[in-house]
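Asks: Submitted below is the structure of interest, expressed as structure tokens.
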Amino acid sequence: MKIQHSSDIVPFITAFDPASKIAGSVDPLGALQSYGALADLLLPGITTITNRSRYLSMICAALLNSTTHHKSFPHGSMGLVLRRKSIKKFERLWALACVAAREKGAKDAADGIRGITYAESAYRTFMDKDYASTKYDMLQSQERAGGIGTYWSALIAADLIDEKTGMLTTIGWDLANTFPMPDIGPDKLKNLADPNPSKHVTIDFDELGSWGKVCHLTKARKNERTCLIAALRADDRRASVADAFIKLRKRQKLPDYWDITWLNRLKDALKEIPVGRKLGLPAVIDGIVVVERFHEAALTVFETLLWWATMKPGEPIHDLHEDKAFIRDVERTITTADKLAGYYKRCDNKEAKESMVTIVNLASDILKRPNVTYVFEELLHRHKKVQEGKIYGGVRKREWITFDGNGFLRPAPRFQVNERPGKAYGRYLTHPYRLEQFVHMLRENNVID
């Protein structure tokens, strides 16, 4: 039976997270919605590309500077637009300062800067002029792909800014006041906050270096770190996960990359956190585990189809259906689909259930007729539907693999798989769940080592 859902039920995914172990993959089986919703239940506001906490301080400082010098911003959505634009020059100048600090020997001073190659190129240009300027391009769309767009949802989730207006909250003001401003005088600070892109700001190269020493990514002082820790823990879910990390770290070093084993350890630690238990976070992790094991198995079968189409185009598919390894992979897909469906039925965490709807529907479809031929057909059908739902240049994307009833056509080069995929063991994650990024930000602020 199909499970119905709507955009009101499934949480909004705040940022794109790369998925799947297929090279160049962009979610061939439509698991991203469930993945993103589960990840948001665990670590709301964190994404796979938000891993430097001082971005939060810098953006708050930029907003404070714009508030100080441009008090006439309108209320509502227009004020939000202007405030976001008022950050752009500040971010560009700050990126140059981080590069300057790195060039002076500060380790990791610029690691994680959005648009770092643009800032490095501009820095080299300005070295011959004895001054630096905000007049350089940072990314094709700084407001979308720079720190403004990348960290905006984190700022909202940390209760540092108002979502509708972009205005600083009380916590945001506190954090902004801990961040050192460049010593360039009130007139240039006003221009630095001006949304008008033509009003560029220059800074003496020595002053840029001096500012870089105190404002770069690893130089947060104690009072700033205190504010950042409060911001990272502002949400009860993130606070519970942070407390669980602390418990785990007392027992052993946390991993560089998380897998199913470590997720289960995190679940056990969360059971010891009263707020985490109340929020149902152990159930969220149980949901992630069953989703990941099913998705890994289904992806292995799908990859095998790509491999077969690459290496044996046109050959009868009957030979693949009788292949022992393929049968094994299909059987694991059926088994993990059954476990996912079973967990869904008995799960009493409403939010976790709603998050799994999309991927559970695929599992339910596979279980209608659990045999090799049907699973083969269902995965191809699912992939086609997923691709038809993607629009690029006004045109629906086509599937990566085409079956003519007897054999496959050879896939386009970017989707070809030249080696047969390995066995799915249910140990690894097909998606990143933002745990590494959250650990990194906590480490930056000495919460864990």
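The values are calculated or read from the model by the stated rules, or taken from the named source; none is laboratory data. Treat the numbers as computed from the prediction; the structure is a model and nothing was measured. Cβ: placed from backbone, ideal geometry, glycine included. Neighbour counts: every protein chain shown. Note: areas computed on protein heavy atoms with side chains; ligands, DNA, RNA excluded. Shrake-Rupley method; radii C 1.70, N 1.55, O 1.52, S 1.80 Å.
Asks: Name the residue, out of MET78, MET181, MET58, whose mean-square fluctuation peaks in a Gaussian network model built on the chain with Cα pairs under 10 Å.
Replies: Result: MET78 has the largest fluctuation of those listed.
Asks: In addition: Which value in nm describes the separation of the simple spin-label points at GLN252 and ARG396, placed 7 Å from the Cα toward the beta carbon?
Replies: 4.9
Asks: Which whole-Hz ³J(HN,Hα) couplings does the stretch 218-226 yield from phi under the Karplus relation 6.51 cos²θ - 1.76 cosθ + 1.60, θ = phi - 60°, glycine and proline marked x?
Replies: Taking θ as phi minus 60°, the curve returns 10, 9, 4, 8, 4, 5, 5, 4, 4 Hz for the stretch 218-226.
Asks: Right, here's the next one. What is the percent of Cα-Cα separations in the stretch 169-278 that go past 17 Å?
Replies: Working: 4175 of 5995 pairs.
Distances greater than 17 Å cover 70 percent of the Cα pairs.
Asks: In angstroms, what radius of gyration and Dmax does the stretch 290-406 have, counting Cα atoms only?
Replies: For the stretch 290-406, the Cα-based Rg and Dmax read 15.3, 48 Å.
Asks: Give me the number: length gained by fully extending SER72 to TYR425, i.e. 0.36 nm times residue separation minus the C-alpha to C-alpha distance, one decimal in nm.
Replies: Full-extension gain reported as 121.2 nm.
Asks: Please report the relative contact order for the chain, taking Cα pairs under 8 Å with a sequence separation of at least 6, and give it as a percent rounded to a whole number.
Replies: Working: 680 pairs, mean separation 107.3, N = 449.
Over the chain, the number comes to 24 percent.
Asks: In debye, nearest 20, what is the charge dipole magnitude of the chain about its Cα centre with +1 on Lys and Arg Cβ and -1 on Asp and Glu Cβ, if you could check?
Replies: Details: 67 positive and 55 negative charges, 104 e Å.
The dipole magnitude comes to about 500 debye.
Asks: I'm a student and want to see the number: the projected area of the Cα convex hull of the stretch 351-439, averaged over all directions, in nm². If you can, show how the numbers build up before the last one.
Replies: On the way: hull surface 38.0 nm².
Mean orientational projected area (the stretch 351-439, Cα hull): 9.5 nm².
Asks: To continue, here is another question. How large is the convex hull of the C-alpha atoms of the chain per residue, in Å³?
Replies: Working: hull volume 74.1 nm³, N = 449.
So the per-residue hull volume is 165 Å³.
Asks: Beta carbons within 10 angstrom, averaged per residue: use that to sort the peptides 186-198, 139-151, highest first.
Replies: Numbers: 186-198: 15.6, 139-151: 18.2.
The packing order, highest mean first, is 139-151, 186-198.
Asks: Express the C-alpha Rg of the stretch 21-107 as a ratio against the empirical globular expectation 2.2 N^0.38 Å, rounded to two decimals. Walk me through the numbers on the way to the answer.
Replies: Numbers: Rg = 18.3 Å, N = 87, 2.2 N^0.38 = 12.0 Å.
Dividing the Cα Rg of the stretch 21-107 by 2.2 N^0.38 Å gives 1.53.
Asks: Using 14 Å as the cut-off for backbone N distance, which residues of the stretch 173-215 belong to the label zone defined by a point 7 Å from the Cα of ASP130 along Cα→Cβ?
Replies: 203-207, by backbone N distance to the label point.
Asks: Let me ask another. Can you give the Rg to Rh ratio of the stretch 141-192, both from alpha-carbon atoms, with Rh computed by the Kirkwood formula? Before the final figure, lay out each step's value.
Replies: Values: Rg = 12.8 Å, Rh = 12.5 Å.
On the Cα set of the stretch 141-192, Rg over Rh gives 1.02.
Asks: Using a 1.4 Å probe on the protein heavy atoms, what percent of the accessible area of the chain belongs to carbon and sulfur? Could the numbers behind the result be given before it?
Replies: Details: 10230 of 20500 Å².
Whole-percent figure for carbon plus sulfur exposure: 50.
Asks: Another question, then. Roughly what would the spin-label model give for ARG410 and ASP259, points 7 Å off Cα along C-beta, in nm?
Replies: Output for this residue pair reads 3.6 nm.
Asks: Still on this structure, I have one more. Using alpha-carbon pairs under 8 Å, 6+ residues apart, how would you state the relative contact order of the stretch 355-449 in percent?
Replies: Working: 38 pairs, mean separation 9.5, N = 95.
The normalised contact order for the stretch 355-449 reaches 10 percent.
Asks: Still on this model: What distance in nm lies between label points placed 7 Å from Cα along the C-beta direction at LYS190 and LYS278?
Replies: 4.9
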